[in-house]
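The values are calculated or read from the model by the stated rules, or taken from the named source; none is laboratory data. Everything quoted here is computed from the prediction, not taken from an experiment. A quick note on method: Cβ atoms are made from the backbone with ideal geometry, for glycine too, and the neighbour counts reach across all protein chains shown.
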Amino acid sequence: MRVIVINSGSSSIKYETFDLNGLSSASKGILERVGTPDSRLKHRWLSSSGTWKEIVETRPVADHREGFSFIFEVSSRAQSGSMETEVFAVGHRVVHGGEKFREPVIIDDTVLRTIEELIPLAPLHNPANVRGIKVMQDLLPRVRQVAVFDTAFHQTMPPMAFHYALPYDLYQSAGVRRYGFHGSSHQYVAKEASRYLGIPFDKLNLITLHLGNGASATAIEKGKSVDTSMGLTPLEGLIMGTRCGDLDPAVHFYLARKTGRSFEEIEDILNRESGLTGICGTNDMRDIQSRANGGDAQAALALEMFCYRVKKYIGAYYAALGSVDAIVFTGGIGENSAIVRNKSCEGLAGIGIIPDVRRNNAADNGVREIQAENSRVKILVIPTDEEREIAKQTIEVIEIENRKDSTIGDTMSSHKEHNDRK
Ligand code: ADP
């Protein structure tokens, strides 16, 4: 039996399958450019000889339904046995769960309706997530589908952290508050840190830094998220590949008045043309580093700005937590860029955060410590695995439900026995 994890985006579908037994990855892939004549599927699978194999195919794919059929067809051709047989459950990444979902849930009509109602809060993401759920429900009608929300882990934030200082009515009438995202990633690396450090999760204080194309920081107190850098949408907080992060809200009005741009155009600038791209023309940290090394001033500025923003959040979350066991770097940049890790921790010796140059530069890709001997706070690098976290949570929800069913079953049969005896 296996669990399929689906991350259904507006123009792409990412997926991974895990064997229920031991949760090892069996296959994974990405279908890009959905809705175009040259949709490209890259499918990888673990062959019977234990090596990963890859197939790449391009064809017209009109919509998500055709996309999933394409994935199933290619996977069944590649593997002996198709992906859609022996499925224990499907776990869907859903970006926005609002205040309604604090935990993953098995999807029924009410859950699906609620995810649809949350579309105004995540117009770019939730519609594509819903599309993925509906197609999978049609393709695998007897398999349970679970929604795992990016926002759920952050639902433990206290009101002082999640409110904006706006008229309170806007929270009550329009749900304007901070929600936070990347929850599965922060939760996954936090649990890995707990295991690695041998400190129970509910006793652990961490600052987790997910630095990829999207980037966010989270303050975790005793295993619970108490603050995070993304807000109502994934635009707030750290500087990202193409998103600006924190900004004076007056910039929007000023830009509208000064340049005559519409709100949609400004939204587009802040989401797609800003961040690292806005400063130096690319969102690829590898290019930025090598350009900065070669003396490119714009690239050097982008790098400095990125790290300075991370450092400010480390300081803020240190203050929020009071004591910190470890800082965790993850995501494509956090896991791979020694320069970013070093610069983000520069000058923090006063609060006990001191990276070690040799450890930080060592080429390694597992869970590792990179702090100096005299660093009070541990600095960890932990590869994230959101898909595995979604698979784990999907299985847990279904097991809980199965236990409930069997308890109800037991209660009903003991009632029946009781009544039969009467
Ligand atoms: P996404 O948010 O799209 O999942 P990733 O977590 O894969 O993104 O992170 C992508 C970022 O990681 C890119 O900026 C990329 O340049 C950066 N990155 C990947 N490998 C390295 C590396 N070896 N050194 C520096 N940056 C890297």
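Residue count for the stretch 254-265 satisfying the condition of being part of a helix (DSSP H, G or I) and either crowded, with 17+ Cβ neighbours inside 10 Å or modelled with pLDDT of 95 or more (or both): 7.
So, of the residues in the stretch 135-154 that are touching a residue at least 60 places away in the same chain (Cβ under 8 Å) and within 17 Å of the chain's Cα centre (by Cα), which turns out to be nearest to Gly180 (Cα to Cα)?
His154
For the stretch 189-213, a residue qualifies if it is within 16 Å of the ligand (Cβ to nearest atom), assigned to a loop (DSSP other than H, G, I, E, B) and within 21 Å of Cys345 (Cβ to Cβ), and exactly one does: Gly212.
Have a look at Asp248, Asp268 and point out the one that is under 24 Å from Ser216 (Cβ atoms) and surrounded by fewer than 13 Cβ atoms within 10 Å (Cβ to Cβ).
Just a single option satisfies the conditions, and that option is Asp248.
Apart from one condition, Val226 fits all of (1) touching a Pro at 6+ places or on another chain (Cβ under 7 Å); (2) hydrophobic (A, V, I, L, M, F, W, C); (3) under 15 Å from Arg309 (Cβ atoms); the exception is (3). A residue that is away from the ligand (no atom under 16 Å from the Cβ), of a type in the set (Asp, Glu) and in contact with a strand residue (DSSP E or B) (Cβ under 7 Å, 6 or more places away or on another chain) occurs somewhere in the stretch 307-329.
Checking the stated criteria, Thr233 turns out to be within 25 Å of Glu103 (Cβ to Cβ) and within 16 Å of the ligand (Cβ to nearest atom).
Within the stretch 336-386, restricting attention to residues that are within 16 Å of the ligand (Cβ to nearest atom), of a type in the set (S, T, N, Q) and assigned to a loop (DSSP other than H, G, I, E, B), the residue that is surrounded by the most Cβ atoms within 10 Å (Cβ to Cβ) is Thr384. Checking each residue in the stretch 229-247 for being more than 20 Å from Glu304 (Cβ to Cβ) and not polar (S, T, N, Q) picks out Met230, Gly231, Leu232, Pro234, Leu235, Glu236.
Taken over the stretch 214-234, the criterion of being surrounded by fewer than 23 Cβ atoms within 10 Å (Cβ to Cβ) and not in a strand (DSSP E or B) is satisfied by Gly214, Lys222, Gly223, Gly231, Leu232, Thr233.
Suppose we keep only residues that are outside any helix (DSSP H, G or I) and near the ligand (Cβ under 7 Å from one of its atoms) within the stretch 276-296. Which one would you say is nearest to Leu235 (Cα to Cα)?
Taking the stretch 276-296 as the starting set, the residues that turn out to be outside any helix (DSSP H, G or I) are 281-284, 294-296.
After this cut, where a residue has to be near the ligand (Cβ under 7 Å from one of its atoms) as well, the list is 283-284.
Details: Asn283: 15, Asp284: 18 Å.
So the residue we want is Asn283.
Out of all the residues in the stretch 278-288, is one or more under 21 Å from Ser216 (Cα atoms) and in contact with a strand residue (DSSP E or B) (Cβ under 9 Å, 6 or more places away or on another chain)? Scanning the stretch 278-288, I find at least one residue that is under 21 Å from Ser216 (Cα atoms) and in contact with a strand residue (DSSP E or B) (Cβ under 9 Å, 6 or more places away or on another chain), so the answer is yes. Considering Gly180, Gly175, Gly214, Gly198, the condition of being touching a residue at least 24 places away in the same chain (Cβ under 8 Å), of a type in the set (Gly, Ala, Ser) and out of contact with any helix residue (DSSP H, G or I) (no Cβ under 7 Å at 6 or more places or on another chain) is satisfied by Gly214 alone.
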